[in-house]
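Structure first, then comments.
Every number in this text was worked out from the coordinates using simple rules, so none of it is lab data. For clarity, every value in this text was computed on a predicted model and none was experimentally measured. With ideal geometry, Cβ positions are generated from the backbone for all residues, glycine too; neighbour counts draw on all protein chains shown.
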C-alpha cells in the first residue's frame, strides 16, 4: 500500500518534490504531461507553484483542476537517497 502525501513543493524544471507520511521523499517530473491547453497551463511557473495536495492526501492538484493520479506520482517518481 502506498503512503499518503504529507507535502508537495514545486521545483524548477516542472518537477515536484513529494514528501510522504512515511518520511520518504521522491521527485516527479511533470514535463511529459505539459501538452495542450489544459495541462499546458502548468508551463507558467507562477501557476505551477500553486500545486497542493488534494483532500485525502493521495494526489496533487492545481486550482483549475489539473491533477496527477497517486499511482503515477509514486511509481513514476524518483526516490531521493536519504543516506
Can you give the helix-only mean residue ellipticity at 222 nm for the chain, where every DSSP H stretch with n ≥ 4 adds -39500 (n - 2.57) and the sum goes over all residues, rounded to the nearest 500 deg cm²/dmol?
-> -3500 deg cm²/dmol
With a ≥ b ≥ c from the Cα gyration tensor eigenvalues, square-rooted, and the rule rounded for a/c under 1.5, otherwise prolate when a/b > b/c and oblate otherwise, the chain is prolate
Point-to-point label distance, residue 35-residue 58, nm (Cα→Cβ direction, 7 Å offset) | 2.6
Packing rank of 75-81, 39-45, where each peptide gets the mean count of other beta carbons within 10 Å, highest leading | 39-45, 75-81
